[in-house]
Amino acid sequence: MDQTKQEDEYGYNLFPERNAVKPKTYIAQSLFTFNHKCQVMLQFAMETSPYAKLLLSAMKSSGCTVYKDRHFSCEDCDGSVSGGFDANSSQIVLCQNNIHQQGHMNRVVTHELIHAFDHCRAHVDWFNNYRHLACSEIRAANLSGDCSFSSELNRFNFGLKSHRQECVRGRAVRSILAVRKISQEEAGKIVDEVFDSCFNDHAPFGRIPHTNKDAKFATRHYESRERYYANV
């Protein structure tokens, strides 16, 4: 893939370390501090977040075991993003300079693990098929907690009828615009074309996990699925 095209069209310019851009020496120390904190929060998310634990288990069952040192990378990023999934390397990028709270880390890890899960199970054509990209962005926004009531409350976004759908749609459109050079109108049209089917695809959770309690229930259900089918 042409590097300039990769940077310009696929959002790699938002993740400079993907292109071997080294930090300036006078900020290296602060980046080390960011990196250490990022690594600690990542480990905590993998061990305690019911969302992340279910996705890690589902990926392992699908033949795509996730290893912390291989499949996660804490890096310095553009100020507009918190994370990303690099399909070329099957690696999740966590923006160490933009993630400062554990709750935020948990959501970013979950969001990007959904992309990784889709990459594993559905062989998503990230670079050439905008509908594939849109579908995964819809699922990630819907299932990661990005559009939960508490998250929206923290953003002072309020709504009643179809508020969650509007939140998911808006975040999916913004995610596409961040990594593809297309118009907002075109991005919105693509999202609308696949929205219903992708919004209702809740794998591997089974249903939308609105809270940690829902995610824990989904994890127990997922882990017991083989015992259930063995008795059918």
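The table for this structure:
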quantity	calculated
Spin-label pair Asp196/Cys64, simplified geometry with 7 Å Cα→Cβ offset, distance in nm	2.7
Net charge over other residues, Cβ less than 11 angstrom from the Cβ of His119 (K, R count +1; D, E count -1)	-3
Accessible area, probe 1.4 Å, largest first, for residues Lys68, Lys213	Lys213, Lys68
Label-point separation, Glu223 to Asn19 (7 Å along Cα→Cβ), nm	4.4
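The values are calculated or read from the model by the stated rules, or taken from the named source; none is laboratory data. Remember, predicted model here, so these are calculated numbers, not experimental data. Positions of Cβ are backbone-derived with ideal geometry, glycine not excepted, and every protein chain shown enters the neighbour counts. Areas reflect the complete protein model, heavy atoms only, side chains present, ligands, DNA and RNA absent. Shrake-Rupley method; radii C 1.70, N 1.55, O 1.52, S 1.80 Å.
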